[in-house]
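The values are calculated or read from the model by the stated rules, or taken from the named source; none is laboratory data. Quick caveat: nothing in here was measured; it's all calculated off a predicted structure. All Cβ positions, glycine included, derive from the backbone under ideal geometry; neighbour counts span all protein chains shown. Note: accessible area is taken over every heavy atom of the protein model, side chains too, but ligands, DNA and RNA are not part of it. Shrake-Rupley method; radii C 1.70, N 1.55, O 1.52, S 1.80 Å.
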Amino acid sequence: MEERTDQKKYRKFRQDNRCRFCREKIGDIDYKNIALLQKLCTAHGKLMSRKRSGNCARHQRVVKAQIKLARFMAIMPYVG
Amino acid sequence: MDTYEALFIIDSSIAAKDWAKVTNYVSGVVGKYKGEVLAMSRWGERKLCYSIGPHKRGTYALMYFKLPRPAVSRLRHDLQLAEMIVRFIVLRFEGEAKELPPPEGF
């Protein structure tokens, strides 16, 4: 019985995909698009986790790479 | 010939004094490796989020260009030699190359 309840719990996560990029089909997750990337960072400039940002794994990876590019080009801060 | 996108941070004292020198150097390097500059947009000066060496402010320039694939690493090497270019990235680019204004919140 233990095993079945787990499956039921995880099935809920997979159904309601709250990823904003999947839903609204926003194409340009780009390091130049600072306004969008800043929404996905915490107040301390850290990358927001998937639980908080609601992104799916695929788009979270793209966002992570673009934020690191923006940080390298001093458009976004590493800290603060 | 692939299209590439390059973003430069240029020493703002040099950029303010003589912008033509910057564009001539960069398009010269692209031309040297038989590339072709598609669009060059100057985003202007801005305070860097963190200081890079002595620089606290920098002028940004975005450039789209075409270049044969083997020449990219040599292009990067030449761009590193230039003192006026504080930092740059060169990325592959799909899509339509055009002059872009500075992004919102720049």
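Values for this structure:
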| quantity | calculated |
| --- | --- |
| Average beta-carbon neighbours from other chains, 10 Å sphere, peptide B:96-104 | 2 |
| Counted charge near B:Ile14, where neighbours are those whose Cβ lies closer than 9 Å (Asp, Glu -1; Lys, Arg +1) | -1 |
| Protection-proxy order for peptides B:23-29, A:69-75, B:93-99, each taking the mean of Cβ atoms within 10 Å per residue, highest first | A:69-75, B:23-29, B:93-99 |
| Sequence-separation-based contact order of the range B:1-93, relative, with Cα cut under 8 Å and 6+ spacing, percent | 49 |
| Local electrostatic count, B:Arg74, Cβ distance below 15 Å [Lys/Arg +1, Asp/Glu -1] | +2 |
| The range B:33-106: proportion of alpha-carbon pairs further apart than 19 angstrom, % | 44 |
| FRET efficiency, 1/(1 + (r/R0)^6) with R0 30 Å, evaluated for B:Glu104 and B:Ala16 via beta carbons | 0.80 |
| Degrees separating the helix B:19-32 axis from the principal Cα axis of chain B, which is the longest one | 20 |
| Local electrostatic count, B:Gly95, Cβ distance below 12 Å [Lys/Arg +1, Asp/Glu -1] | -3 |
| Size-normalised alpha-carbon gyration radius of the protein assembly as shown, reference 2.2 N^0.38 Å | 1.26 |
| B/A buried area, accessible surface, summed, 1.4 Å probe, Å² | 1400 |
